[in-house]
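Peer 1: My structure is below; once you've seen it, I'll send some questions.
The values are calculated or read from the model by the stated rules, or taken from the named source; none is laboratory data. All values derive from a computational prediction rather than experimental measurement. Here the Cβ positions follow ideal geometry from the backbone for every residue, glycine too, while neighbour counts run over all protein chains shown. Remember, those area values only see protein heavy atoms, side chains included, never the ligands or the DNA or RNA. Shrake-Rupley method; radii C 1.70, N 1.55, O 1.52, S 1.80 Å.
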Amino acid sequence: MEAGLRSEQKNPRELYEHLSRLEDPHAYTRESCEKFSDEIREIRRLKKQRNAVILAHNYQRPEIFEVADFVGDSLELARQATRVAADAIVFCGVHFMAESAKILNPEKTVLLPDLRAGCSLADSATAERLAERKEELRRIYPDLVVVSYVNTTADVKAESDVCCTSSNAVKIVGALPNRNILFVPDENLARYVRQNSDKNIIAWDGNCYVHHQITPEQILSVKEKLPHVKVLAHPECRADVLELADAVLSTSGMVRYAAESPATEFLVVTECGLSDRLLLELPEKRFYKACKLCQYMKMITLEDTLKSLENMRHEIALDEEIRARAERALRRMFELS
């Protein structure tokens, strides 16, 4: 989806009518929408002045979508980062995503509106631990390759052979000639890939706290009341949750599925921001939530996005040797997918 550049600015009343469909009266009042409208106008002005683009992940706050030039999942945004003709990229997402944009665009200024927006999953793996684990495993499996989920830091990507996202993990692993794969860092996504591959998948000990907290009891509770509901689940969820899903998809895969499906009611099993996007984009359909909020994604606000552009603050900087090695892993992902 492209947004921002193609959409006209909504006035405060239109913005309130749009966002009030989310039925969150505390977050979206007439007063807050007036403030958002002013910030949106100034952000759009500064984007032109700075020759900047804004990339936003599907889990972002809905008001962020009003200034985003591109909205998508990790793979879409990684690809888009290689295509932007701008001097600066403002990444409305979490730190590893902004790092990935810098890895692929060393000559551009990449800004993250709030440096606190990290990722507990990315923090579960370090380059030092990965290097040690590789050495141990290659004594047993000489053909071992490291496949790192994009939810990793730049230095972990630099220790990897290839990256993947939730939407292409199975395809990437299948395209490798190697039999033995160390999959870093999400154990749930590794398990999902193992179930859809004949390779020996060795999982890292890590998970996304947002997805790992979702339980089958939550899904069954909704299905009991709505037996016809279509369950869309993210592969970062636990195996017992995925067993209850009608489709296991990345976030953008869920958007496409919901738009194209003749079904009209869906249970969205991922971070809650995606449900908000779907509710706004497909008002003729109904979306129920079995989700958790990501505290890190929600740290990004319009106010901080504005300040980031005003002051060109929170620039991402990487060691060139690490950046170049990490870029090889990301570029190989594009080649294999």
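Peer 1: Which numbered condition in (1) surrounded by 22 or more Cβ atoms within 10 Å (Cβ to Cβ); (2) touching a Gly at 6+ places or on another chain (Cβ under 8 Å) is the only one that Glu187 fails?
Peer 2: (1)
Peer 1: To continue, here is another question. Within the range 46-96, track down each residue that is over 14 Å from the mean Cα position of the chain (by Cα), of a type in the set (Val, Ile, Thr) and assigned to a strand (DSSP E or B).
Peer 2: Val53, Ile54, Ile89, Val90
Residue by residue, here is whether (1) modelled with pLDDT of 95 or more; (2) under 19 Å from His57 (Cα atoms); (3) out of contact with any Cys (no Cβ under 6 Å at 6 or more places or on another chain) holds:
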residue: Ala258; (1), (2), (3): yes, yes, yes
residue: Thr264; (1), (2), (3): yes, no, yes
residue: Leu274; (1), (2), (3): no, yes, yes
residue: Pro283; (1), (2), (3): no, no, yes
residue: Leu293; (1), (2), (3): no, yes, no
residue: Met299; (1), (2), (3): yes, yes, yes
residue: Arg325; (1), (2), (3): yes, no, yes
residue: Arg331; (1), (2), (3): yes, no, yes
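Peer 1: Anything in the range 166-181 that is in contact with a Leu (Cβ under 8 Å, 6 or more places away or on another chain) and surrounded by fewer than 24 Cβ atoms within 10 Å (Cβ to Cβ)? List them, or say none. Give the derivation first.
Peer 2: Restricting attention to the range 166-181, the residues satisfying the condition of being in contact with a Leu (Cβ under 8 Å, 6 or more places away or on another chain) are 166-169, 171-172, 175-176, 178, 180-181.
Scanning the range 166-181 gives Ser167, Asn168, Lys171, Ile172, Ala175, Leu176, Asn178, Asn180.
Peer 1: Give the range 1-42 a look and list any residue that's touching a Phe, Trp or Tyr at 6+ places or on another chain (Cβ under 7 Å) and modelled with pLDDT under 90, or say none.
Peer 2: Answer for the range 1-42, where residues must be touching a Phe, Trp or Tyr at 6+ places or on another chain (Cβ under 7 Å) and modelled with pLDDT under 90: Glu2, Ala3.
Peer 1: Right, here's the next one. Enumerate the pairs (first residue in the range 96-114 and farther than 15 Å from Ala86 by Cβ; second residue anywhere and open to solvent by 10 Å² or more (accessible area, probe 1.4 Å) and assigned to a loop (DSSP other than H, G, I, E, B)) with beta-carbon separation below 7 Å, excluding pairs fewer than 6 apart on the same chain, so at least 6 apart or on different chains.
Peer 2: Between residues of the range 96-114 that are farther than 15 Å from Ala86 by Cβ and residues that are open to solvent by 10 Å² or more (accessible area, probe 1.4 Å) and assigned to a loop (DSSP other than H, G, I, E, B), the close pairs are Phe96/Cys119; Phe96/Asn151; Phe96/Thr153; Glu99/Thr153; Glu99/Leu318; Ile103/Leu318; Leu112/His314; Pro113/His314.
Peer 1: Out of the residues in the range 196-216 meeting the condition of being out of contact with any Ser or Thr (no Cβ under 9 Å at 6 or more places or on another chain) and farther than 24 Å from Tyr257 by Cβ, tell me which one is surrounded by the most Cβ atoms within 10 Å (Cβ to Cβ).
Peer 2: Ile201
Peer 1: If you don't mind, there's one more thing I want to ask. If we only count helices (runs of 4 or more DSSP H) wholly inside the range 108-166, which ones have 1 or more residues that are farther than 30 Å from Arg313 by Cα, hydrophobic (A, V, I, L, M, F, W, C) and at pLDDT 95 or above?
Peer 2: Where helices (runs of 4 or more DSSP H) fall fully within the range 108-166 and carry at least 1 residues being farther than 30 Å from Arg313 by Cα, hydrophobic (A, V, I, L, M, F, W, C) and at pLDDT 95 or above, they are 127-140.
Peer 1: Where in the range 223-337 are the strands (runs of 3 or more DSSP E), entirely inside, with at least 3 residues that are surrounded by fewer than 22 Cβ atoms within 10 Å (Cβ to Cβ)?
Peer 2: Of the strands (runs of 3 or more DSSP E) lying wholly inside the range 223-337, those with at least 3 residues that are surrounded by fewer than 22 Cβ atoms within 10 Å (Cβ to Cβ) span 286-289.
Peer 1: Which of the residues spanning the range 125-140 are open to solvent by less than 80 Å² (accessible area, probe 1.4 Å) and under 10 Å from Leu182 (Cα atoms)?
Peer 2: Leu130, Lys134, Leu137
Peer 1: Is there any pair with a first residue in the range 195-223 that is under 30 Å from Arg138 (Cα atoms) and a second that is aromatic (Phe, Trp, Tyr) and open to solvent by less than 20 Å² (accessible area, probe 1.4 Å) whose Cβ atoms are under 6 Å apart and which are 6 or more apart or on different chains, and what are they?
Peer 2: Taking only residues 6 or more apart or on different chains, the pairs are Ile201/Phe183; Ala203/Phe183.
Peer 1: Out of all the residues in the range 82-95, which are open to solvent by less than 10 Å² (accessible area, probe 1.4 Å) and over 23 Å from Arg45 (Cβ atoms)? If you could, list the steps in order and put the result at the bottom.
Peer 2: Taking the range 82-95 as the starting set, the residues that turn out to be open to solvent by less than 10 Å² (accessible area, probe 1.4 Å) are 86, 88-94.
Val94, the sole residue that qualifies.
Peer 1: Show the residue pairs meeting these rules: Cβ distance below 7 Å; 6+ apart or different chains; first residue within the range 284-300 and closer than 17 Å to His211 by Cβ and in contact (Cβ under 8 Å) with a residue 12 or more places away in the chain; second residue outside any loop (DSSP other than H, G, I, E, B) and open to solvent by 50 Å² or more (accessible area, probe 1.4 Å).
Peer 2: Note: pairs meeting the criteria are Ala290/Gln218.
Peer 1: Is there a residue being in contact with a strand residue (DSSP E or B) (Cβ under 6 Å, 6 or more places away or on another chain) and touching a residue at least 60 places away in the same chain (Cβ under 8 Å) anywhere in the range 227-237?
Peer 2: The answer is yes; a qualifying residue exists.
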